[in-house]
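None of the figures in this text is laboratory data; all of them are computed from the coordinates on show. All of these numbers come straight from a predicted model, not from anything done at the bench. Positions of Cβ are generated from backbone atoms using ideal geometry, with glycine treated the same way; all protein chains shown enter the neighbour counts.
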Amino acid sequence: MHPLTRLREAVRPGVPAPRADAAAPARPTPTEPAATLPEHAVPEHAVPECAPAERAVPEAVDRPGGARPAGPAVVSLRDAAVRVGGRTLWSHVELDIAPGEFVAVLGPNGVGKSTLVKAILGLVPTAAGSISVLGRPPGHLAQQVGYLPQRRSFDAGLRIRGVDIVRMGWDGDRWGLGRPGSARAARERIARVVEMVGASAYAHRPIGQCSGGEQQRLLIAQALVRRPRLLVLDEPLDSLDLPNQAAVAALIGRICREEEVSVVMVAHDANPILAHLDRVVYLAEGGAVAGTPAEVITSATLTRLYRTPIEVLRTSDGRLVVVGQPEAPAVHTDRHPPAGEGAARADR
């Protein structure tokens, strides 16, 4: 393979623009092992419950960093729904994301978590309702959106430096068109975001020699380099060990607050990011509920959402465990398709 081809395959997300009329091929969702609860796990009763399970959108929420910021919504979903392959993945989603808010998209495998962020990006059409991003239809202001797709490993032999990976975000090789400006402005901005994510010590190493956590920080810097107003992250903690999950989660939370960047993040486990979240969107087979973590992640709310008994437990170390959560039917892949495949597919 030509070296340039290998480089592009390594750094591009490979997310094709889907066709609205394409059906998702059936693929089995991998079976996950049953969770083993730590000792002294007790039912979660300390969290107040949200009365209506559907469309639970609070007027005001308590933020980890203070009061909810004012201003026009960066992302708005109004009774939004998406269908793939004749199946409604989720519906009746109501959500406003304010400037500087951190929102997680949660749920089991197969419910359309990644499909929701694709809809926000304009890659998947809505079947009902509407979505707006910065007051426009999705995809119309791509230069103001930073996007980090599901993680793809770099070849250990890849010699391109981390700082050059970040530079590709400025040059437009990742998302939208390139940002106009002088070479000096590019150098200054790249140095700024590399410092912001704490990657200065290894940014000039070959990316293949960086650890998984270091690579993820550099990719976050790439998504931030053009000063986006919205940062969309698809499972950025996937495959990281627990210390790196905590460190990257804290980094994203800090950037969200300090840079006033709105963050929409897909996650399979809320625990690493729980302390940094403003609100969550919890997806189920065909339905959804949105609100603060305290409102949504409760036994009563999730039982109503899934229409089956769900128990939310808090362990002795403060972690939340959801017991009884069903997996959705396997009608789509769990990962983004390789570049060049045109069929629309729902992800997690």
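Laid out as a table, the results:
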{"quantity": "Residue under evaluation A294, criteria (1) touching a helix residue (DSSP H, G or I) at 6+ places or on another chain (Cβ under 9 Å); (2) part of a helix (DSSP H, G or I); (3) not acidic (D, E), criterion not met", "calculated": "(1)"}
{"quantity": "Residues being surrounded by 24 or more Cβ atoms within 10 Å (Cβ to Cβ) and part of a strand (DSSP E or B) - total across the range 107-135", "calculated": "1"}
{"quantity": "Residue in the range 71-86 that is farthest from V280 (Cα to Cα), counting only those that are touching a strand residue (DSSP E or B) at 6+ places or on another chain (Cβ under 8 Å) and of a type in the set (V, I, T)", "calculated": "V82"}
{"quantity": "Residue in the range 213-240 that is nearest to the chain's Cα centre (by Cα), counting only those that are surrounded by 16 or more Cβ atoms within 10 Å (Cβ to Cβ) and small (G, A, S)", "calculated": "A223"}
{"quantity": "Filtered residues of the range 139-149 (kept if over 16 Å from the mean Cα position of the chain (by Cα), outside any helix (DSSP H, G or I) and at negative phi)", "calculated": "H140, L141"}
{"quantity": "Close pairs (7 angstrom Cβ cut-off, 6 or more residues apart or separate chains): under 18 Å from L116 (Cβ atoms) in the range 252-275, crowded, with 20+ Cβ neighbours inside 10 Å and aromatic (F, W, Y) anywhere", "calculated": "V263/F102"}
{"quantity": "Residue in the range 300-309 that is under 20 Å from A98 (Cβ atoms) and either surrounded by fewer than 22 Cβ atoms within 10 Å (Cβ to Cβ) or out of contact with any Lys or Arg (no Cβ under 7 Å at 6 or more places or on another chain) (or both) present", "calculated": "no"}
